[in-house]
Amino acid sequence: RAADKTAQAARAVDLTASKISEAFAAARAKGLKRLTLRYDGLKIKQSTKHADTLYVTDHRSYPDQTYYGKIVAERFAPSRDCPDEIRDRIATIAADPAAAAKVYGQKTGTCCCCGAELTDPVSIANGIGPICAGNYGF
């Protein structure tokens, strides 16, 4: 067990995920539950038991999804299934989650927060719906 802890610490990546945490905190303050952000094949979900823990998985649904790790206290702790490419993408998302949301929305035509289809021209241009943008502070 000690060796597993040491190996996990060695895989940990220092990144500032405060902007992601702030987005989730803003949504919680609005009373939202079951919070998820979607980014080009990734999902960042809030733990149902620990408000300060965010799980990072691929876009598929449980039980088929791949768990890539978690963000706790602004630090990403990758799982052993997390390739370097995913670590780099998480760092890019963490640097500016709103910009990453815009890219995702424009690419997929869906809101990264709620997954709804974007139909309004302004929402399509922004890559996110106005209600979700307000709820998450984007």
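The values are calculated or read from the model by the stated rules, or taken from the named source; none is laboratory data. Since this is a predicted model, take the numbers as computed values, not measurements. Heads up, the Cβs are rebuilt from the backbone with ideal geometry, glycines too, and the neighbour counts pull from every protein chain shown. For the accessible areas, the whole protein counts, side chains as well, though only heavy atoms, and no ligand, DNA or RNA atoms are used. Shrake-Rupley method; radii C 1.70, N 1.55, O 1.52, S 1.80 Å.
Each residue in segment 109-123 was checked for being in a helix (DSSP H, G or I) and open to solvent by less than 20 Å² (accessible area, probe 1.4 Å), and 1 of them qualify. Just one of the listed residues (Gln65, Gln106) is surrounded by 13 or more Cβ atoms within 10 Å (Cβ to Cβ) and in a loop (DSSP other than H, G, I, E, B), namely Gln65.
Quick test for you: out of Arg38, Arg80, pick the one residue that is open to solvent by 50 Å² or more (accessible area, probe 1.4 Å) and part of a strand (DSSP E or B). Working first, answer last.
On the way: Arg80 fails: part of a strand (DSSP E or B).
Among Arg38, Arg80, only Arg38 is open to solvent by 50 Å² or more (accessible area, probe 1.4 Å) and part of a strand (DSSP E or B).
Please tell me if Arg89 is within 30 Å of Ala125 (Cβ to Cβ) and open to solvent by 30 Å² or more (accessible area, probe 1.4 Å). For Arg89, the condition - within 30 Å of Ala125 (Cβ to Cβ) and open to solvent by 30 Å² or more (accessible area, probe 1.4 Å) - is met.
Out of the residues in segment 42-58 that are of a type outside the set (Ser, Thr, Tyr) and loosely packed, with under 13 Cβ neighbours inside 10 Å, which is nearest to the chain's Cα centre (by Cα)? Walk me through how you get there before you give the answer.
Going through segment 42-58, the residues of a type outside the set (Ser, Thr, Tyr) turn out to be 42-46, 49-52, 54, 56, 58.
Add one more test, that the residue is loosely packed, with under 13 Cβ neighbours inside 10 Å, and what stays is 49-50.
Numbers: Lys49: 17, His50: 15 Å.
Looking at residues that are of a type outside the set (Ser, Thr, Tyr) and loosely packed, with under 13 Cβ neighbours inside 10 Å, I get His50.
When Ile128 is tested against (1) open to solvent by 50 Å² or more (accessible area, probe 1.4 Å); (2) touching a helix residue (DSSP H, G or I) at 6+ places or on another chain (Cβ under 9 Å); (3) of a type in the set (Val, Ile, Thr); (4) within 23 Å of Lys33 (Cα to Cα), just one condition goes unmet, and that condition is (1). Please work out if Ala95 is within 14 Å of Tyr39 (Cβ to Cβ), surrounded by 15 or more Cβ atoms within 10 Å (Cβ to Cβ) and touching a residue at least 60 places away in the same chain (Cβ under 8 Å). Here the answer is no, as Ala95 does not meet what is asked.
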